[in-house]
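All remarks here apply to the structure that follows.
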Amino acid sequence: HDVRGAAQALPPFGVRVGWQSVYLPRLIKPAPAALSALLWAIHAKLDRIPPPPQPGLTSFALSNDDEFEVPDGFLAAAFYRRLSTRAVRLDILERMETVLADAAKLKKNADEVMTVLVSLLGCSNADALALLNQLGWRRQVRPTKDGDGKEPVPVWERARHARSQKHKRAGKPVKSDSPFALLADLIDID
């Protein structure tokens, strides 16, 4: 069960293991991603195939069209993930997590970090804040401990239990003939 060892063994094969995703960076390029999404749509027998994300988009707003919603599987096949009201490309999602983790560790000013994140995402501050909250990050202002009279600086912190809540079971029962049935018995879901 050496997850770190497995994560270190995969990069020579072109596999990126990140904070949120495991993916092949070469496939995120526009042509392979569009083909992957199209093949997924054909496999899923969609009546209406959505257009693939425009090349170069790091994130985009998802339509509120009641008649047609882009399936999460289609987004995943195009190497995007639905977060809040936006779809974020997987490599950008990983870069965001890295920027936030580094900023939290170094106690960087949250407002300066937010500028970097908004630039990465190509969206408004409000949209970026919604994404960060969904990822489990919170902007916190902590008073200074030494009482030197300096203004407290806002910083990013991961909300407690954000990771454990994300990994809780979705409540779907595992089919007894599934190759994961024995694994499900080994995992403590409470």
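The values are calculated or read from the model by the stated rules, or taken from the named source; none is laboratory data. Keep in mind it's a predicted model, so treat the numbers as computed, not measured. Areas reflect the complete protein model, heavy atoms only, side chains present, ligands, DNA and RNA absent. Shrake-Rupley method; radii C 1.70, N 1.55, O 1.52, S 1.80 Å.
For GLU94, the solvent-accessible surface computed with a 1.4 Å probe is close to 0 Å², ligands and nucleic acids excluded. Counting only protein heavy atoms and using a 1.4 Å probe, the accessible area of VAL22 comes to about 100 Å².
I need the Kirkwood Rh of segment 30-95: take the reciprocal of the average 1/r across all distinct C-alpha pairs and report it in angstrom.
On the way: mean 1/r = 0.0835 Å⁻¹.
Its Kirkwood hydrodynamic radius stands at 12.0 Å.
Taking N as the number of residues in segment 1-138, what is its alpha-carbon radius of gyration divided by 2.2 N^0.38 Å? Numbers along the way, then the final one.
Values: Rg = 16.1 Å, N = 138, 2.2 N^0.38 = 14.3 Å.
Ratio of Cα Rg to 2.2 N^0.38 Å: 1.13.
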